[in-house]
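Here is the structure we will look at, set down as structure tokens.
The values are calculated or read from the model by the stated rules, or taken from the named source; none is laboratory data. Note that the coordinates shown come from a computational prediction; the quantities given were computed from them, not determined experimentally. No Cβ is skipped: glycine too gets one built from the backbone with ideal geometry, and neighbour counts run over all protein chains shown. Side chains are part of the model used for accessible areas, which takes the heavy atoms of the whole protein and leaves out ligands, DNA and RNA. Shrake-Rupley method; radii C 1.70, N 1.55, O 1.52, S 1.80 Å.
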Amino acid sequence: MWKTVLRRFLIMIPQLIILSMLVFLLAKMMPGDPFTGMINPNSDAREIARLRQAYGLNDPWWVQYCRWVGNMFHGDLGQSYIQHVPVASLIWDRAVNTFWLSLLTVLLTYSIAIPMGISAGRHQDEWQDQAIQIFNYITFAVPGFVFYILGIWLFSFTLGWFPISGSVSANASGFWGVLGSRLYHMILPAILYALITTTTIVQYLRTGIVDNKVEDYVRTARSKGVPENVVFHKHILRNSVLPIVAFLGNTITGLLSGSMIIESVFSYPGMGKLFLDSISQRDYTTLTALILLFGMLTLLGNLISDILLSIVDPRIRVK
Amino acid sequence: MSNKKKSTQTKQDQTQVSLPPSGFKVAVREIWRDKIALTAFIVICLILLLTFGGSLFLKKSQVTEINIAEAYYGWGQAGHIFGTDDGGRDIFKLLIMGGRNSILIGLSVTAIDETLGLLIGLIAGYFGGTVDAVIMRIVDFVQILPQFPIIIVLTTVIPNYNAFVLVGLMSMFYWTTTARLFRSFVLSQRGRDYVLASKTSGSSDWKIMFREVLPNITSMLIIDVVLTVAGNIGIETSLSFLGYGLPITTPSLGTLISFANDPANVVARPWLWVPATVLLLLISMNINYVGRALQRAGDARQREN
Amino acid sequence: MAKEILQIKDLRVLFPIRSGFWNRITDYVRAVDGVNFSINEGETYGLIGESGSGKSTTGKAIVGVQKATSGQIIYDGLDVTKAHNRKKISYNKDVQMIFQDSMSSLNPRKRIEDIIAEPIRNFEDLTTDEERKRVQELLDIVGMPSDSIYKFPHEFSGGQRQRIGVARAVATNPKLIVADEPTSALDLSVQAQVLNFMKHIQQQYNISYLFISHDLGVVKHMSENIAIMHRGRLVEVGTRDEIYNHPMHIYTKRLLSAIPKVDVEHREENKRHREEVEAEFQHDQKRWYDEDGRVFPLQQLSPTHWVALPKQEVQAQMKEEK
């Protein structure tokens with residue numbers, strides 16, 4: 001087991017290196033440099049040139065790259081061009097918001113998807129299955145942002161049940177007050193987001209159960225006289241639900257790329273919104289850091305998926 | 001002998017109906033049988049007719065011309081069926097052009113991605129070994145990139161940004177899923193006896209790949225193309241919705257829907273975003289329905305074999 | 001003595017086993033491990049073995065779809081394990097293959113005409129009309145109706161498909177056809193039909209067959225010379241008479257005793273014999289295989305009879321026989 005994990009980690013190292021190089025390259029393509037954020041109108045050109053030299057911006061690209069990576073390891077992501085604060089602290093505040101939204105979404109996704117998948121698989125081709133298939137088709141076919149727009153239009157604007165923007169209201173006070181306000185702001189985006197994410201899991205679970213139903217080991221269990229309920233719970237369900245666990249990593253990855261759209265529609269101050277704000281303000285240091293962070297989180301999501309999968313499915317492990 | 005030939009001739013006429021077990025003709029038959037899928041298909045055709053046909057009568061410069069005096073007409077006011085936007089542009093015309101642009105981009109990206117993905121998947125799967133290992137490492141890497149953010153950054157960084165650049169950027173990333181899909185299928189085919197039989201019949205690797213293996217992929221390819229078109233239209237409209245898809249001067253459904261980003265428009269001026277939303281929903285849902293119908297038919301056929 | 005058409009010299013096909021942390025090659029599966037035999041012009045050479053014995057791999061190496069790890073296959077004075085030699089003499093025009101699974105060996109998406117015409121198009125230069133005439137002739141030879149050319153493989157039964165496979169194999173007038181269990185996937189009633197077509201074609205065109213099978217009954221019907229393969233090596237080589245009536249190696253005996261006999265009166269006797277052979281095989285592994293469980297090198301007994309046993313064992317056997 002540890003061998004698989006270790007090997008998977010080793011594979012990640014070159015991926016991480018190439019990723020960081022790509023991001024560095026992307027950063028070089030962007031106009032401006034880390035000093036644009038520090039310069040104020042009164043500093044003269046000679047002073048800037050001196051600073052550039054001192055900070056090594058005239059060095060060959062690979063020296064700059066190594067320094068950039070080194071700084072990264074020390075948690076120094078540079079200064080924001082626009083906000084004039086360290087990028088790290090800027091991202092941190094937003095990352096916390098995205099984290100909570102994602103957590104709630106993941107919880108909702110699994111608690112919606114698993115019962116739906118099981119019900120569809122168990123009652124294959126009956127009305128439950130057909131209803132779930134229709135629902136599943138809709139969440140798959142409708143582009144996410146259209147789904148969110150319709151959701152916010154119906155539940156927030158028309159019915160007025162939920163707030164239309166933000167993460168916490170300004171006049172919330174006390175631990176419970178703030179928590180309640182946060183939840184109140186997150187619940188609609190999280191539900192809508194979770195519904196979109198359920199599609200794959202429901203489909204996967206349903207197919208797994210339908211396929212397992214006719215497997216020989218299930219038939220054997222039945223022919224031995226094992227009660228249908230036990231067959232379903234002990235044999236079919238066990239073998240179908242476990243692979244779903246491995247989807248967790250993919251779900252996290254998917255949430256990240258989708259966070260931009262959901263946070264934009266709901267004006268929710270998370271990392272995705274920060275990314276979009278930074279790009280419209282041309283805040284390139286923040287952007288670079290964010291892309292690297294997105295990339296690393298995607299890598300991590302994949303890593304988690306692969307490791308979970310190797311725990312769940314012993315066939316994948318290295319012997 | 002001549003007698004025999006004659007009998008062959010007549011028999012030929014009777015047996016012309018023989019259909020291959022999969023492929024384009026079968027796909028058409030599949031849709032014809034499923035009445036809902038047929039309806040969906042007809043709706044798609046109508047939308048294509050409206051957007052592509054309608055665009056023939058429209059000039060981009062006229063449609064996107066700003067005329068503040070005409071701003072914010074409501075439904076049906078002053079001869080504008082769907083009203084006008086903040087710049088006095090006719091929403092109905094924007095809708096037709098935007099619909100065409102979004103579909104066109106979806107189609108172009110799909111064409112590039114499917115060709116690339118098919119070719120790369122075929123090569124990786126057929127040759128296997130080192131070739132496969134190298135290609136799959138690249139595919140793995142592209143798939144772990146934060147694609148959406150990178151596209152957005154590149155749209156702002158690349159000079160002379162236009163629709164073609166957008167197609168290029170989108171194509172750069174999304175071929176990988178297709179490549180993966182076909183690679184795993186070809187991998188399962190290459191050890192099949194019919195491939196070996198072709199080898200012993202003296203056919204070259206390329207000939208086997210394109211004349212032997214490829215025809216066995218057509219059903220999969222058709223399904224994948226249909227679903228990918230829908231997916232790519234979704235991606236383009238999402239990008240345009242965020243403001244980083246098609247340039248502002250080129251209408252897109254996403255740009256129209258993004259009017260809903262302004263709380264003032266959501267309730268007060270629904271004509272700005274509702275028509276585009278409905279059109280996009282119609283496009284997405286109908287294409288996906290056709291794709292799913294084909295998929296179901298394909299699965300059923302596979303189970304029979 | 002008839003002219004040799006193909007010689008196989010010390011053929012080896014090894015598949016690497018990868019394992020461990022770095023996924024390095026740690027061992028090999030010895031699918032074919034030093035095999036020698038030769039096939040004469042116009043004969044049917046039987047290659048017999050259980051599944052996994054390496055007989056199919058040998059057949060695939062001969063037609064050139066499986067790379068040989070080492071050893072030579074000599075055809076026309078050239079080593080055809082090398083791809084450029086195969087290309088130089090259009091090797092596959094002369095050496096063709098019939099596959100076991102007729103369904104998977106015919107491309108489901110191609111019409112019969114295109115399937116049979118494929119080798120013709122690659123090796124010969126015929127006009128469309130000539131080509132069609134040729135395909136019709138071939139279908140006629142294997143007893144298929146002429147309207148088959150417009151149909152797809154799934155429209156035929158297993159026996160019909162296998163006959164189409166035979167037609168494709170003979171399309172370029174080959175000199176040798178490797179038949180890899182051509183009838184083992186067919187019903188017994190259809191087996192004889194396909195085998196008879198194969199025999200008929202052999203007489204008509206003077207084709208050699210390498211007939212690969214696990215079924216000694218079928219091979220007896222088809223082959224003059226026979227080789228028995230086990231664990232990637234040959235255990236016994238001989239004429240039909242030598243193999244069936246004077247088997248030396250325990251593995252051959254075991255295979256022979258396993259042929260079901262329709263002989264009610266001696267049922268108990270046959271059963272006892274079968275159990276004796278099985279007991280001998282199980283108990284005296286050391287006598288028949290070396291300490292690693294591998295088959296011994298072949299020893300010559302007569303001009304045509306070879307067996308894979310140590311010398312003293314051969315002598316002991318000879319005595320027993322007398």
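Over all other residues within a Cβ to Cβ distance under 14 Å of A:Ile11, the charged ones net out to +2, with Lys and Arg as +1 and Asp and Glu as -1.
In the stretch B:81-160, the convex hull through the Cα atoms has an average projected area of 8.1 nm², a quarter of its surface area.
Placing unit charges on each Cβ (+1 for Lys and Arg, -1 for Asp and Glu) gives the stretch A:87-312 a dipole about its Cα centre, and among A:Ile149, A:Phe247, A:Val214 the Cα reaching farthest toward its positive end belongs to A:Val214. With all protein chains kept in place, the per residue accessible area of chain B amounts to 45 square angstrom at a probe of 1.4 angstrom. In the stretch A:9-26, the residues whose accessible area drops by at least 10 square angstrom when the other protein chains are added to the isolated chain are A:Leu10, A:Gln15, A:Ile18, A:Leu19, A:Leu22, A:Leu26; the probe is 1.4 Å and only protein heavy atoms count. Coordinate range of the alpha-carbon atoms in the stretch B:120-230 per principal axis, descending: 54, 29, 21 Å. Rounded to the nearest 5, the antiparallel percentage of DSSP beta bridges internal to the protein assembly as shown is 65%.
Between the DSSP loop rule and a limit of at most 16 other Cβ atoms within 10 Å, which chymotrypsin sites (Phe, Trp or Tyr not before Pro) in the stretch B:128-174 are left? Before the final figure, lay out the partial values.
Details: sites: B:Phe141, B:Tyr161, B:Phe164, B:Phe173, B:Tyr174; in loops: B:Tyr161.
Those that pass, being in a loop and sparsely packed, are B:Tyr161.
Checking an interface number: how much accessible area is buried between B and C, summed over both chains, with a 1.4 Å probe, in Å² rounded to 100?
Counting both chains, the buried surface is close to 2600 Å².
Residues of the stretch A:132-164 whose accessible area (probe 1.4 Å, heavy atoms of protein chains only) drops by at least 20 Å² once all protein chains are present, relative to their chain alone: A:Tyr137, A:Phe140, A:Ala141, A:Val142, A:Pro143, A:Phe145, A:Val146, A:Ile149, A:Leu150, A:Trp153, A:Phe157. A Förster distance of 56 Å, applied to the separation of the beta-carbon atoms of C:Asp215 and A:Trp2, puts the FRET efficiency at 0.70.
Across chain B, the mean sequence separation of Cα contacts (distance under 8 Å, 6 or more residues apart), normalised by length, yields a relative contact order of 25 percent. Computed from the C-beta positions of B:Ile66 and B:Leu46 and an R0 of 45 Å, the FRET efficiency is 0.90 to the nearest 0.05. The mean sequence separation of alpha-carbon pairs under 8 Å and at least six residues apart, normalised by the residue count of chain A, gives a relative contact order of 28 percent. Put a dot 7 Å past the Cα of A:Ser173, heading toward its Cβ, do the same for B:Asp262, and the two dots end up 3.7 nm apart.
Take every Cα-Cα pair in the stretch C:149-210 and report what % of them are more than 16 Å apart. It works out to 43 percent of all Cα pairs. Figure note: A:Phe294, C:Phe197 ranked by solvent-accessible area, largest first, 1.4 Å probe, ligands and nucleic acids not counted: C:Phe197, A:Phe294.
Computed over the stretch C:27-147, the Cα gyration tensor eigenvalues convert (square root of 5λ each) into semi-axes of 30, 18, 14 Å, ordered from largest to smallest. Could you run the Debye sum over the Cα atoms of chain C, one equal point scatterer each and no solvent, and tell me log10 of I(q)/I(0) at q = 0.11, 0.13 Å⁻¹, two decimals? The calculated log intensity ratios at q = 0.11, 0.13 Å⁻¹ are -0.76, -1.01.
In chain C, the calculated helix contribution to ellipticity at 222 nm averages -12000 deg cm²/dmol per residue, counting -39,500 (n - 2.57) for every DSSP H run with n ≥ 4. The accessible area of B:Leu181, taken with all protein chains in place and a 1.4 Å probe, comes to roughly 60 Å².
Report the relative contact order of the stretch A:86-179, percent, no decimals, based on alpha-carbon pairs under 8 angstrom and at least 6 residues apart.
On the way: 21 pairs, mean separation 11.9, N = 94.
Computed value for the stretch A:86-179: 13 percent relative contact order.
Report in % the part of the accessible area of the stretch B:22-304 that belongs to carbon and sulfur, leaving out ligands and nucleic acids; probe 1.4 Å. Heavy-atom surface of the stretch B:22-304 belonging to carbon and sulfur, 1.4 Å probe: 66 percent. In this calculation the C-beta distance from C:Ser302 to C:Lys87 is compared with R0 = 51 Å, giving a FRET efficiency of 0.80.
Can you tally the net charge around C:Asp263? Count Lys and Arg as +1, Asp and Glu as -1, for every other residue whose Cβ sits under 15 Å from the Cβ of C:Asp263.
Numbers: positive: C:Lys261, C:Arg267, C:Lys271, C:Arg272, C:Arg274; negative: C:Glu265, C:Glu268, C:Glu269.
My count for the surroundings of C:Asp263 gives +2.
For B:Lys93, a cut-off of 26 angstrom between C-alpha atoms picks up these lysines, skipping any fewer than 8 places away in its own chain: B:Lys59, B:Lys60.
Past 29 Å, Cα to Cα, is the threshold; run C:Lys60/C:Lys220; C:Lys3/C:Lys286; A:Lys224/C:Lys55; B:Lys207/C:Lys93 against it and keep the listed order. Display every interim value, and only then the final one.
Values: C:Lys60/C:Lys220 23 Å; C:Lys3/C:Lys286 38 Å; A:Lys224/C:Lys55 40 Å; B:Lys207/C:Lys93 17 Å.
Checking Cα-Cα distances, C:Lys3/C:Lys286; A:Lys224/C:Lys55 exceed 29 Å.
Magnitude of the charge dipole for the stretch A:220-319, about its Cα centre and with charges confined to Cβ atoms of Lys, Arg (+1) and Asp, Glu (-1), is about 660 debye. All distinct Cα pairs of chain A go into the 1/r average, and the inverse of that average, the Kirkwood radius, is 22.8 Å.
Across all Cα pairs in the stretch A:66-184, the calculated P(r) in 5 Å bins from zero up to the longest distance comes to 2, 8, 9, 13, 15, 13, 12, 10, 8, 5, 3, 1, 0 percent per bin.
Shielding by partners for peptide B:149-158, expressed as the average number of C-beta atoms from other protein chains within 10 Å of each residue's C-beta, is 6.
Rounded to the nearest 100 Å², what's the accessible area chains A and B bury against each other, both chains counted, probe 1.4 Å?
Details: alone 17980 and 16820 Å², together 31440 Å².
Approximately 3400 Å², summed over both chains.
Rolling a 1.4 Å probe across the protein heavy atoms gives chain A an accessible surface of 51 Å² per residue.
The stretch B:22-304 gives an Rg/Rh value of 1.05, both radii derived from C-alpha positions and Rh following Kirkwood. For the protein assembly as shown, the Cα gyration tensor yields ellipsoid semi-axes of 65, 34, 28 Å (square root of five times each eigenvalue, largest first, whole Å). Mean per-residue shielding of peptide A:290-296 is 4, counting Cβ atoms of other chains within 10 Å of each Cβ.
Extent of the stretch A:148-205 along its three principal axes (Cα atoms, max minus min coordinate, largest first): 43, 27, 14 Å. Mind grabbing the base-10 log of I(q)/I(0) for the stretch B:20-116 at q = 0.13 Å⁻¹? Debye formula, identical points on the C-alpha positions, no solvent, two decimal places. Listed by q, the Debye log ratios stand at -0.64.
Taking the square roots of 5 times each eigenvalue of the Cα gyration tensor of the stretch C:178-322, largest first, gives ellipsoid semi-axes of 29, 20, 14 Å. Ranked by the mean number of other Cβ atoms within 10 Å per residue, highest first, peptides C:35-45, C:79-89 order as C:35-45, C:79-89. Taking the average, over residues, of other Cβ atoms within 10 Å as the packing measure, peptides C:55-62, A:188-195 rank C:55-62, A:188-195 from highest down.
Across the options A:Pro163, B:Trp271, B:Ile287, the greatest Cα extent toward the positive end of the charge dipole of the protein assembly as shown (unit charges at beta carbon of Lys, Arg, Asp, Glu) belongs to B:Ile287. Working from label points 7 Å from Cα in the Cα-to-Cβ sense, the B:Asp205 to B:Phe57 distance is 5.6 nm. Over chain C, accessible surface divided per residue gives 47 Å², non-protein components excluded, 1.4 Å probe. For the stretch A:142-297, the normalised intensity computed at q = 0.18, 0.20 Å⁻¹ comes to -1.09, -1.21 (log10 of I(q)/I(0), Debye sum over alpha carbons, equal scatterers, no solvent).
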